[in-house]
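Below: one structure, written as structure tokens.
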Amino acid sequence: MLTVDFSRFPLAPGDRVLDLGCGGGRHAFECYRRGANVVALDQNGEEIAEVRKWFAAMEQAGEAPAGASATAMEGDALNLPFDDDTFDRIIISEVMEHIPDDKGVLAEMVRVLKPGGLLAVTVPRYLPEKICWALSDEYHEVEGGHIRIYKGDELVEKVREAGLEPYGNHHAHALHSPYWWIKCAMGVNNDKALPVRAYHQLLVWDIVGTPVVSTLTKAAEKALNPVLGKSFVVYASKPHQPRTGA
């Protein structure tokens, strides 16, 4: 399940891509399939070990074009172990809401992004996230949990203040908003509750269901994304020349 729309975030074979805070690796895997030279970085060693295994399995299965490469590594988003102007593309998906120094993370990404390079950043959308917080303290008051809720214009402005030029945004995953509201109402860890199990099955059908079912769920999600989209996605480019102050 991808949050970044690669029609708005073009990727060419051979591009160097950083998936920062890669988690389970979903965007890193897609970039690898598209022929990129991918670095998947996360502070969670267990997740990095799994991503590394999947990269190896993809290589063995021939899922990536010849010449593409993939590396998974542990690292600190506030102190990236890369030289300036290293990457053509950077993705940071559902990460910044966890980090106290979000401006510091943006500064590090700008540093390692090449001039002319592109950034895609995704965060939980304001209204769906606000409802989750209202329904359940357990949803966010956990170690490493969400510490802030972004308004869309706030995130765009932070990206601009970091020295990037936003060029587009959209919402994604509308079908997931009601699912998380149900989970928050029933208990975040109560996966056995009937409403949770029933809605989860709908999400499974969306991903692996028959073509007819998948077509219907994807059409519904596309129509609902502007209203209920769970994620907010911003795309930005790094200018070839630093912006001067007014």
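The values are calculated or read from the model by the stated rules, or taken from the named source; none is laboratory data. The structure presented is a predicted model; accordingly, all values stated were derived computationally and were not measured. Every residue, glycine as well, gets a Cβ built from its backbone with ideal geometry; the counts of neighbours run over all protein chains shown. In case anyone asks, the SASA skips ligands and DNA or RNA and just uses the protein heavy atoms, side chains included. Shrake-Rupley method; radii C 1.70, N 1.55, O 1.52, S 1.80 Å.
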Worksheet item: Residue by residue, what Karplus-based ³J(HN,Hα) values in Hz, rounded to whole numbers, does region 199-208 have, using 6.51, -1.76 and 1.60 with θ = phi - 60° and x for Gly and Pro?
Response: 6, 4, 4, 4, 5, 5, 4, 4, 8, 10
Fill in: Charge tally in the Cβ shell below 9 Å around Gly23, where Lys, Arg are +1 and Asp, Glu are -1, Gly23 excluded
-3
Item to complete: For the chain, find the longest principal axis of its Cα atoms and tell me its angle to the long axis of helix 176-186, 0 to 90°, nearest 10.
Response: 50
Item to complete: Report, to the nearest 10°, how far helix 126-135 tilts away from the longest principal axis of the Cα atoms in the chain, using its own Cα long axis and a range of 0 to 90°.
Response: 50
Worksheet item: Going 7 Å from the Cα of Ala185 toward and past its Cβ, which residues in region 114-137 have a backbone nitrogen under 16 Å from where you end up?
Response: 128-137
Fill in: On Cα atoms only, tilt of 45-61 relative to the major axis of the chain in degrees
80
Discussion item. Can you give me the solvent accessible area of Trp180 with a 1.4 Å probe, rounded to the nearest 10 Å²?
Written reply: 80
Worksheet item: Across every pair of different alpha-carbon atoms, what Kirkwood hydrodynamic radius in Å does the chain reach?
Response: 19.0
Worksheet, complete the sentence: Lys and Arg at +1, Asp and Glu at -1: neighbours of Leu127 with Cβ under 12 Å from its Cβ sum to +3
Practice prompt. Determine the percent antiparallel among the DSSP beta bridges restricted to the chain, to the nearest 5.
Written response: 45
Discussion item. Using a 1.4 Å probe on the protein heavy atoms only, what accessible surface does His98 show? Give it in Å² to the nearest 10.
Written reply: 60
Fill in: region 4-23-region 178-195 distance, computed between alpha-carbon centres (Å)
32
Discussion item. Please give me the summed charge of the neighbours of Ala61: other residues whose Cβ is under 13 Å from its Cβ, Lys and Arg +1, Asp and Glu -1.
Written reply: 0
Worksheet item: How long is the gain from Glu143 to Arg111 if the chain were fully straight, where each residue apart is worth 0.36 nm and the alpha carbon distance is subtracted?
Response: 8.7 nm
Worksheet, complete the sentence: Length gained, Ala223-Leu2, 0.36 nm per residue minus C-alpha separation, equals 77.8 nm
Practice prompt. Would you check the chain for Lys pairs whose C-alpha atoms are within less than 13 Å, ignoring same-chain pairs closer than 8 in sequence, and give me the count?
Written response: 7
